[in-house]
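Visitor: Supplied in C-alpha cells, the structure appears directly below.
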Amino acid sequence: MMKESLTKNGLMLGAFAVVTTALIALTFYGTSDKIEQQKQQKLLSVLNEVVPSEFHDNALFANCTQVNAVELGGKKSHKVYRATLNGSPSALVLEATAPNGYSGDIDIVVGVNVKATAFSPAKNSDDVTAIDNTSSVNADMTVLGVRVIEHKETPGLGDKIELAISNWITSFNGKSFSKDNLAPWQVKKDGGEFDQFTGATITPRAVVGAVREALLYAHTNKSALFSAPNTCESKDNVNTTEPTDINEAHPQRVEEL
C-alpha cells in the first residue's frame, strides 16, 4: 500500500515537473522574438538621439553593416549604422559591448561625427558607395552622443549610466577624439576626464573604456565601414548577411586617417 502511494505521488510530481518545464519553455520561445523586437525598437529609438537629424538625411536604420571586432566587444557581432548628408558620409553609430561591467556586459551605442568634408564619395565596381582615400584628410572625430541599451548594473549605483537615472552619459557629448591623445578617455581616478560614481568606479570605467575602443575602431576603419555591404537593406529590415570582418573584406581601405 505504502509502495503504491509513493509510486503514485512520484508519478504526480514527475508529471507536474514535466508540465512546468514545458510551460516555461513555451513561454520562453513564445516571448523571445518579442523581447528581441523590443530591444531593436529601443535601439532604433536612440539612433536619432546619438546622431541628430542635422547630421544626416538618410534613414539610419536602413543603412548599416555588421562586423565582428574585438574593439567592439568581441564575443558577438555588432551593427554599425552609417549616416550620410547630401550623399556624403557624415556620421557613424556603433553598437559596442563593455564586457567588464560590475554585473556583466553593458551594451551601448556610440554616435560619432566623421566630418564628411574630409571625404569624397566614389563608386566602386560593385556600385557600392565607397570612399576616395586620396582626398581624405587627417581629422579628429567628435562624439555626438552615447546611450546605454542594456545592462545589469546595481540599482542606485551602477545604473547611473542610464540617461533616465542621471545625465552622466551626456558627458561624452561634443568630446573631440584623437588616437594620439587617449589619456583623457579614462575616469578621473585613472587620470582621465570622466567622473566615476561614488562607491561604483567599475561601471563608468567599463563604459568609458568601451566608448574609447569603439572610437578607435571607427577612426581606423571609417572608410571601410562606409564601403562595406549594406546588411540592413532588405525587406522587413531583417539581416540575413554574415557579419563582416572589415580587415579581410576591405584591406586596402583600412587605414589610419
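Visitor: Determine the alpha carbon to alpha carbon distance for each of LYS76/LYS175; LYS76/LYS115; LYS175/LYS222; LYS160/LYS188; LYS79/LYS175 and list only those over 25 Å.
Guide: Numbers: LYS76/LYS175 27 Å; LYS76/LYS115 28 Å; LYS175/LYS222 18 Å; LYS160/LYS188 16 Å; LYS79/LYS175 22 Å.
Exceeds cut-off: LYS76/LYS175; LYS76/LYS115.
Visitor: Same structure, new question: Whole-Hz Karplus ³J(HN,Hα) for segment 53-68, in order, using 6.51 cos²θ - 1.76 cosθ + 1.60 and θ = phi - 60°, x for Gly and Pro?
Guide: With coefficients 6.51, -1.76 and 1.60, one gets 4, 5, 9, 7, 10, 10, 7, 4, 5, 9, 9, 8, 10, 10, 10, 10 Hz.
Visitor: Return the sequence-ordered ³J(HN,Hα) values of segment 97-109 in whole Hz as given by the Karplus equation 6.51 cos²θ - 1.76 cosθ + 1.60 applied to θ = phi - 60°, using x for Gly and Pro.
Guide: Each residue's phi maps through the Karplus curve to give 10, 8, x, 10, x, 4, 10, x, 5, 10, 8, 9, 10 Hz.
Rule-based calculations on the coordinates, nothing more; no lab input. Quick caveat: nothing in here was measured; it's all calculated off a predicted structure.
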